[in-house]
Structures are given as C-alpha cells and as structure tokens.
Amino acid sequence: MILMLRGHPSVGKTTVAKKVMELFNARGFVTEEIREAGKRLGFDIVLWNGRRLSLARVGGKGPKIGKYTVFLENIELAVNELKDLHADFMVVDELGKMEALSVPFRKWVLEVPRRCAKVLVTAPGKDIPIVREFLKLWPNTQVLWVNVENRSKLLDDICEMIGK
C-alpha cells in the first residue's frame with residue numbers, strides 16, 4: 001500500500017506523518033521547520049530514531065531553493081541510514097524540491113515501495129518533477145489531499161485503510 005499526502009505548506013502533512021510514524025512504529029523521517037521569533041530559518045530532517053540533521057537554512061553557500069541553502073550531505077547521510085533498513089512501513093516526509101536535489105535521495109525514494117509493504121510519502125500540492133516521477137513509477141499510489149477541513153480526520157482514515 002502506497003499513500004501520498006499532498007497539500008499546501010503548513011496544512012498539516014508533517015503532523016499526520018509524525019502521528020502515523022508513531023502509531024505504526026514506522027521507519028523513515030519527517031521534515032520539521034526551524035523557527036526563531038516567529039521567523040522560519042530553515043528545515044531539519046528528523047529520523048525515526050531521533051537523529052536530527054540540518055536540511056536547509058536561510059543564506060549560506062551551496063545549492064539553493066528559494067532563500068534556503070540545502071545541505072545535500074545531510075540528505076545523503078539520512079538516505080544512508082535508511083537505505084538498508086528492512087522495514088514493513090516507511091514514512092518519507094517530504095518528496096520535495098530540496099530533497100530531490102540529491103541524486104541518492106531520488107534513487108532511494110523511487111525504490112522504497114519495492115522494499116516496504118506500506119509507504120506513506122508527503123508531497124507539495126504543486127506539481128513538481130519528483131512527484132510526477134514517483135506517481136508514474138507507482139501508479140497505484142493513493143493520493144490524499146490534505147486541507148484545513150480534513151486534516152484532523154485523515155489520521156483515522158489512514159488507520160482504517162492500513163487496518164489498525
């Protein structure tokens with residue numbers, strides 16, 4: 001079973017992904033915003049085991065998405081920890097532009113459904129190449145659109161779909 005949560009930024013995709021990860025003891029990662037005094041400074045990758053790696057920060061040198069410098073080496077460290085895991089359930093938050101800058105990430109994420117019985121990925125509402133590629137390779141993916149009205153009920157729906 002492959003589920004994809006899609007929606008606009010800050011609508012609740014990561015919150016649902018975190019809860020699914022906890023409820024099902026899933027492996028994988030979530031992407032958390034880093035804020036200070038109400039300002040978004042960047043993002044961190046938080047692995048299932050609690051390890052935290054900087055994904056992107058405002059400013060700096062290196063590859064950029066908007067105002068954020070992306071730390072490709074940290075994406076690749078996360079992939080190295082995840083690629084050999086034998087997990088029944090994998091959570092990938094998010095299938096986004098920053099993560100897709102990493103060739104090892106793209107290769108890994110497109111292979112995850114071959115290795116795991118259950119996969120939950122989150123993706124932006126915008127149509128981007130990595131999301132199109134994933135959906136083309138995995139056409140049986142069930143896409144759930146997250147919005148303010150349905151985000152609190154989605155966890156129950158996902159649990160029902162998965163059978164918990």
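Just so you know, all these numbers are worked out from the coordinates, no wet-lab data involved. Remember, it's a predicted structure, so these values are computed and weren't measured experimentally. All Cβ positions, glycine included, derive from the backbone under ideal geometry; neighbour counts span all protein chains shown.
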Report the full-extension gain for the segment Ile65 to Glu32: residue separation times 0.36 nm, less the Cα-Cα distance, to one decimal in nm.
10.3 nm
So what does the Cα-only Debye profile of the stretch 71-112 read at q = 0.14, 0.21, 0.32 Å⁻¹, as log10 I(q)/I(0), no solvent term?
-0.27, -0.62, -1.35
Charges at C-beta only: +1 for Lys and Arg, -1 for Asp and Glu. How large is the resulting dipole of the chain about its Cα centre, in Debye rounded to 20?
400
Connecting every pair of Cα atoms under 10 Å apart in the chain and solving the GNM, the largest mean-square fluctuation among Leu23, Leu82, Leu95 falls on Leu23
Relative contact order (%) - the chain, alpha-carbon pairs under 8 angstrom, separation at least six
32
For the chain, modelled as a GNM with alpha-carbon contacts under 10 angstrom, which of Ala87, Ala100, Ala37 fluctuates the most?
Ala37
Between Gly96, Gly38, Gly66, where does the largest GNM mean-square fluctuation fall for the chain, given springs only between Cα atoms within less than 10 Å?
Gly38
Measuring from centroid to centroid over Cα atoms, what is the spacing of the stretch 105-157 and the stretch 38-72 in Å?
21
Which shape class, rounded, prolate or oblate, goes with the stretch 107-164 when its Cα gyration tensor gives a ≥ b ≥ c as root eigenvalues, a/c under 1.5 marks rounded, and past that a/b bigger than b/c marks prolate?
oblate
Cα-based Rg / Dmax (Å) for the stretch 1-76:
13.5, 40
Around Trp145 (Cβ within 14 Å, Cβ-to-Cβ, excluding Trp145; K/R +1, D/E -1) the net charge comes to +2
On C-alpha positions alone, give me the angle between the axis of helix 103-115 and the longest principal axis of the chain, in degrees, nearest 10.
10
Take the residue pairs Lys67/Lys97; Lys19/Lys39; Lys19/Lys64; Lys13/Lys126; Lys18/Lys107; Lys83/Lys136 and return only those whose Cα atoms are more than 18 Å apart.
Lys19/Lys39; Lys19/Lys64; Lys18/Lys107; Lys83/Lys136
Fraction in percent of alpha-carbon pairs per bin - 5 Å, the stretch 12-140
2, 11, 21, 25, 23, 12, 5, 2, 0
